[in-house]
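> One structure coming up, written as structure tokens, with questions to follow.
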Amino acid sequence: MRVPILKQGGILIASIQSALSDEDLLQLRDDLVQQVGKYRSRGAIVDVTVLDVMDSFAVRTLRAIAHMIRLRGADTVIVGIQPEVAFAMVQLGLTLGDVATALDLEEGLAFLGRTPKTGPSHGP
Amino acid sequence: MAHETWPNDPPTLGTSVVRIADSTDIVTARQRGRELAGQIGFNGSDLTVIATAISELARNIVEYAKSGEIILALTHRGSRNGIQIVARDQGPGIADVAKAVQAGFSTGNGLGLGLPGVRRLMDDFEIASVVGKGTSVTARKWIP
């Protein structure tokens, strides 16, 4: 099932609705990386609240998404990792590395709101 | 390869077999496992742990053996109930099993977290592998 991607201002929100196969995850990666350019987005949020399993492939793909979007000049936040999923990830030794995370969508939007877009800064 | 049976193996019932041939089967297997585990009384993080272990085992089959099966069953040891996951394939087999279950070892493009990770997630973990014949992994988790 293709993950719907919403556009809110300069932010893309990928809201995962159901369990994803590997192909779905790779499609999400390609869609997000492409749309960041198309809509000149400065940030992307991947909402994984409904995922009840994040195995090694899912974690690796989320890391790849964040790194690829970083290379495109935007920021990524993964939001909604459930406590049980966090527990299993730690047991399995899976990490998201330097990828930003937030509790939920609201916190993710707040995070991106206070992260200045890479580029010339505007002084006071 | 045939599933190895040892005399001390706990008895099983309610067996459910999921054929694994592509990545959508990985999702099917872990959902089936989660359902079964829920029915026999696992909850919370154990359900996620069991589903994650099944996902990794099924992934190994798709990645290394192309096809195989995940066999889920109820099991008990004394008065304790649990779930048994058998992942078996007729793939290339593993030459150095001891090394494959050590953290940090991987022969493919994984992160070396597959088998050692599953071993950490589950209570029991057994593996039998013959090069050229296939691999059978048996993992169990007991209801706390």
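The values are calculated or read from the model by the stated rules, or taken from the named source; none is laboratory data. All figures in this text were calculated on a predicted structure; none of them were measured in a lab. With ideal geometry, Cβ positions are generated from the backbone for all residues, glycine too; neighbour counts draw on all protein chains shown.
> Only one of these is more than 22 Å from residue A:106 (Cα to Cα) and either of a type in the set (Lys, Arg) or touching a residue at least 60 places away in the same chain (Cβ under 8 Å) (or both): A:2, A:40, A:70. Name it. Step through it out loud before you land on a result.
Values: A:40 fails: more than 22 Å from residue A:106 (Cα to Cα); A:70 fails: more than 22 Å from residue A:106 (Cα to Cα).
Within the list A:2, A:40, A:70, the selection yields A:2.
> With respect to the numbered conditions (1) modelled with pLDDT under 95; (2) farther than 24 Å from residue A:22 by Cβ, which one is the sole condition not fulfilled by residue B:82?
The failed condition is (1).
> Related question: One residue is enough: does the stretch B:4-22 have a residue meeting the conditions within 14 Å of chain A (Cβ to nearest Cβ), out of contact with any His (no Cβ under 7 Å at 6 or more places or on another chain) and not in a strand (DSSP E or B)?
There is at least one residue in the stretch B:4-22 that is within 14 Å of chain A (Cβ to nearest Cβ), out of contact with any His (no Cβ under 7 Å at 6 or more places or on another chain) and not in a strand (DSSP E or B).
> Okay, moving on. Specify the residue that is surrounded by the fewest Cβ atoms within 10 Å (Cβ to Cβ); the eligible residues are those in the stretch A:40-97 that are within 12 Å of chain B (Cβ to nearest Cβ) and on the phi > 0 side of the Ramachandran plot. Talk me through it step by step, then tell me what you get.
Just the residues of the stretch A:40-97 that are within 12 Å of chain B (Cβ to nearest Cβ), to begin with: A:51-61, A:63, A:81-95, A:97.
So of that shortlist, the ones also on the phi > 0 side of the Ramachandran plot come out as A:93, A:97.
Details: A:93: 15, A:97: 9.
This residue is A:97.
> When you scan the stretch B:82-103, how many residues do you find that are within 15 Å of residue B:119 (Cβ to Cβ) and basic (Lys, Arg)?
Counting residues in the stretch B:82-103 that are within 15 Å of residue B:119 (Cβ to Cβ) and basic (Lys, Arg) gives 1.
> Also, I was wondering about something else. Taking residue A:66 as meeting all but one of (1) part of a helix (DSSP H, G or I); (2) under 30 Å from residue B:123 (Cα atoms); (3) under 14 Å from the mean Cα position of the chain (by Cα); (4) of a type outside the set (Asp, Glu), write down the number of the exception.
Among (1) part of a helix (DSSP H, G or I); (2) under 30 Å from residue B:123 (Cα atoms); (3) under 14 Å from the mean Cα position of the chain (by Cα); (4) of a type outside the set (Asp, Glu), residue A:66 violates only (2).
> Taking the stretch A:7-18 as the region of interest, how many residues are surrounded by fewer than 18 Cβ atoms within 10 Å (Cβ to Cβ) and either more than 17 Å from residue A:111 (Cβ to Cβ) or hydroxyl-bearing (Ser, Thr, Tyr) (or both)? Reasoning before the result, please.
Step one: filter the stretch A:7-18 for residues surrounded by fewer than 18 Cβ atoms within 10 Å (Cβ to Cβ), giving A:7-10, A:15, A:17-18.
Subsequent filtering for residues that are either more than 17 Å from residue A:111 (Cβ to Cβ) or hydroxyl-bearing (Ser, Thr, Tyr) (or both) retains A:7, A:15, A:17-18.
Final tally of qualifying residues: 4.
> Answer with yes or no whether residue A:105 is in contact (Cβ under 8 Å) with a residue 12 or more places away in the chain and either in contact with a Gly (Cβ under 8 Å, 6 or more places away or on another chain) or buried (at least 18 other Cβ atoms within 10 Å of the Cβ) (or both). Give the steps one after another, and end with the answer.
Numbers: in contact (Cβ under 8 Å) with a residue 12 or more places away in the chain: yes; either in contact with a Gly (Cβ under 8 Å, 6 or more places away or on another chain) or buried (at least 18 other Cβ atoms within 10 Å of the Cβ) (or both): yes.
For residue A:105, the condition - in contact (Cβ under 8 Å) with a residue 12 or more places away in the chain and either in contact with a Gly (Cβ under 8 Å, 6 or more places away or on another chain) or buried (at least 18 other Cβ atoms within 10 Å of the Cβ) (or both) - is met.
> Which one of these is aliphatic (A, V, I, L, M) and either in a helix (DSSP H, G or I) or at pLDDT 95 or above (or both): B:58, B:103, B:95?
Numbers: B:103 fails: either in a helix (DSSP H, G or I) or at pLDDT 95 or above (or both); B:95 fails: either in a helix (DSSP H, G or I) or at pLDDT 95 or above (or both).
It is B:58.
> Which numbered condition in (1) more than 20 Å from residue A:54 (Cβ to Cβ); (2) exposed (fewer than 15 other Cβ atoms within 10 Å of the Cβ) is the only one that residue B:84 fails?
Among (1) more than 20 Å from residue A:54 (Cβ to Cβ); (2) exposed (fewer than 15 other Cβ atoms within 10 Å of the Cβ), the lone unmet condition for residue B:84 is (2).
> Looking for something over 11 Å from the mean Cα position of the chain (by Cα), away from every other protein chain (no Cβ under 14 Å), not small (Gly, Ala, Ser) and not in a strand (DSSP E or B) - is there at least one such residue anywhere in the stretch A:19-30? Talk me through it step by step, then tell me what you get.
Quick first cut of the stretch A:19-30, residues over 11 Å from the mean Cα position of the chain (by Cα) only: A:19-27, A:30.
Applying the additional criterion that residues be away from every other protein chain (no Cβ under 14 Å) yields A:30.
From what's left, not small (Gly, Ala, Ser): A:30.
Subsequent filtering for residues that are not in a strand (DSSP E or B) retains A:30.
Yes, the conditions are met somewhere in the stretch A:19-30.
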